Amino acid sequence: MLDATIGQSVVEIEALSKRFGRVEAVQDVSLAVQRGEVIVIIGPSGSGKSTLLRCVNRLEVPDSGTIRIDGVKVTGQERQINEIRAEVGMVFQQFNLFPHKTALQNIILGPLVAKGMPEKEAEALAHTLLQKVGIPEKAQAYPEQLSGGQQQRVAIARALAMAPKVMLFDEPTSALDPEMIKEVLDVMLGLAEEGMTMLVVSHEMGFARAAADRIVFMDQGRIVEITTPEQLFTAPKHERTQRFLSQILP
């Protein structure tokens with residue numbers, strides 16, 4: 001377990017930059033996420049939203065800047081990378097479940113391998129989490145037997161099984177059919193109500209309005225505006241934010 005410094009933000013991002021060749025995907029981004037806070041990141045495609053999340057759990061290595069999780073600097077700590085990722089749960093656009101394992105087996109793998117949890121304890125945890133995400137009856141089902149929404153809920157349960165300090169969601173509903181989106185968003189709303197610290201990249205403005213404490217608007221790798229949902233949807237300050245919302249809101 002990473003040692004925490006009491007009283008600091010759960011996630012602190014300072015002057016973070018990431019380049020892919022000539023493309024500056026993330027440029028000098030700074031953001032602090034408080035414990036229990038839900039931050040939704042919005043913006044056009046290619047604005048750096050997903051790259052920012054991938055830097056937080058070290059799927060991408062930043063070129064400069066620092067990231068701290070619960071006060072512990074994680075940039076530059078290659079030897080601690082698995083320990084760092086155990087502190088940060090991530091749910092992707094694609095579900096990334098092991099197709100040859102049941103829902104229960106997908107969920108218990110992390111606690112068994114990374115935490116050395118006894119199998120019976122891990123299975124009990126998995127059943128509890130499947131109940132939490134609303135599909136307790138699917139424990140023995142394989143991914144191909146599940147709908148896209150059910151697979152994504154298993155993926156959420158798998159991330160929660162590691163008891164992360166923060167959950168990252170990278171457009172978790174973008175690969176789902178419209179009728180399956182609500183069941184995943186309802187699970188995420190439940191986590192928000194329980195006080196889970198969450199960083200969410202999403203185009204679901206209804207979720208952002210209902211769940212976010214703050215909304216971050218990004219464009220061309222930079223943070224353009226950070227504001228509350230009420231302010232964003234009624235009177236966004238920046239012209240670029242206004243233009244983006246005018247294109248996506250009815």
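The values are calculated or read from the model by the stated rules, or taken from the named source; none is laboratory data. In this text the structure is predicted, and so the values were computed from the model without any measurement. Neighbour counts run over all protein chains shown; Cβ positions are idealised from the backbone, glycine included. Heavy atoms of the whole protein, side chains included, go into the accessibility calculation; ligands, DNA and RNA do not. Shrake-Rupley method; radii C 1.70, N 1.55, O 1.52, S 1.80 Å.
Just to confirm the number: angle between the C-alpha axis of helix 239-248 and the first principal axis of the chain, 0 to 90 degrees, nearest 10?
Result, in degrees: 50.
Using only the Cα atoms of the chain, what are the Rg and Dmax in Å?
Spelled out, the Cα radius of gyration and Dmax of the chain are 18.0, 55 Å.
Based on Cβ point charges of +1 for Lys and Arg and -1 for Asp and Glu, what charge dipole magnitude is obtained for segment 2-75 about its Cα centre, in debye rounded to the nearest 20?
240
Amide H to amide H under 5 Å from I41: which residues, 5+ apart in sequence or cross-chain, H placed 1.01 Å off N in plane?
Those qualifying (amide H under 5 Å, at least 5 residues apart or on another chain) are V200, V201, S202, V216.
Keeping every protein chain present and rolling a 1.4 Å probe, give me the accessible area per residue for segment 100-250 in Å². Could the numbers behind the result be given before it?
Working: 7050 Å² over 151 residues.
Result: 47 Å² of accessible area for each residue.
Using θ = phi - 60° and the Karplus form 6.51 cos²θ - 1.76 cosθ + 1.60, what ³J(HN,Hα) does each residue of segment 127-140 get, whole Hz, x for Gly and Pro?
Result, ordered by residue: 5, 4, 6, 5, 5, 4, 8, x, 9, x, 7, 9, 4, 9 Hz.
Among D63, D219, D170, which one moves the most in a GNM of the chain with springs linking Cα atoms closer than 10 Å?
Most flexible of the set in this elastic network: D63.
With an 8 Å Cα cut-off and a minimum separation of 6 or more residues, compute the relative contact order for segment 1-147 in percent.
On the way: 190 pairs, mean separation 30.9, N = 147.
In percent, rounded to a whole number, it is 21.
Given H placed on each backbone N at 1.01 Å, which residues far from D63 in sequence or on other chains put an amide H within less than 5 Å of it?
So D63 has HN proximity to S17, K18, R19.
At a 1.4 Å probe radius, carbon and sulfur cover how many percent of the accessible area of the chain? List each step's numbers first, then the result.
Values: 5620 of 11690 Å².
Taking all protein chains in place, the chain shows 48 percent carbon and sulfur surface.
Rounded to the nearest Å, what's the spacing between the alpha carbon centres of segment 167-202 and segment 214-238? Just the number, please.
When both Cα centres are located, 20 Å separates them.
Which of the listed residues, L199, L130, L185, is farthest toward the dipole's positive end in the chain, when Lys, Arg count +1 and Asp, Glu count -1 at the beta-carbon?
The one lying farthest along the dipole's positive direction is L199.
Under 5 Å between amide H atoms, partner at least 5 residues away or on a different chain: which partners does A141 have, H built in plane at 1.01 Å?
Hits under the 5 Å cutoff: A103, L104.
Please state the shape class of segment 22-76: rounded when a/c is under 1.5, otherwise prolate if a/b exceeds b/c and oblate if not, all from the C-alpha gyration tensor.
Details: a/c = 2.14, a/b = 1.18, b/c = 1.81.
Taking the square roots of the gyration eigenvalues as a ≥ b ≥ c, segment 22-76 is oblate.
Quick one: 3J(HN,Hα) in Hz for segment 151-157, Karplus 6.51/-1.76/1.60 with θ = phi - 60°, rounded, Gly and Pro as x.
After applying 6.51 cos²θ - 1.76 cosθ + 1.60, I find 4, 5, 5, 5, 4, 5, 4 Hz.
Counting alpha carbon pairs within less than 8 Å and at least 6 residues apart, what relative contact order, in whole percent, applies to segment 77-226?
Details: 197 pairs, mean separation 40.5, N = 150.
Taking the mean separation of contacting Cα pairs over the length of segment 77-226, I get 27 percent.
Roughly what angle does helix 178-193 make with the longest principal axis of the chain, taking Cα atoms, 0 to 90 degrees, to the nearest 10?
On a 0 to 90 degree scale, this one is about 90.
Of the beta bridges DSSP finds with both residues in segment 126-250, what % are antiparallel, to the nearest 5? If you can, show how the numbers build up before the last one.
Numbers: 5 of 9 bridges.
Around 55 percent antiparallel, to the nearest 5.
Can you work out ³J(HN,Hα) from phi for every residue in segment 115-121, in order, using Karplus 6.51 cos²θ - 1.76 cosθ + 1.60 and θ = phi - 60°, giving whole Hz and x for Gly and Pro?
Whole-Hz 3J(HN,Hα) from phi for segment 115-121: 10, x, 5, x, 4, 5, 5.
Restricting to the chain, compute how many DSSP beta bridges are antiparallel as a %, nearest 5.
Working: 19 of 35 bridges.
Given both bridge residues lie in the chain, the antiparallel proportion sits at roughly 55 percent.
Charges only on Cβ, +1 for Lys and Arg, -1 for Asp and Glu: so what's the dipole of the chain about the Cα centre, in debye to the nearest 20? Walk me through the numbers before you get to the answer.
Numbers: 26 positive and 31 negative charges, 81 e Å.
For the chain, the charge dipole is close to 380 debye.
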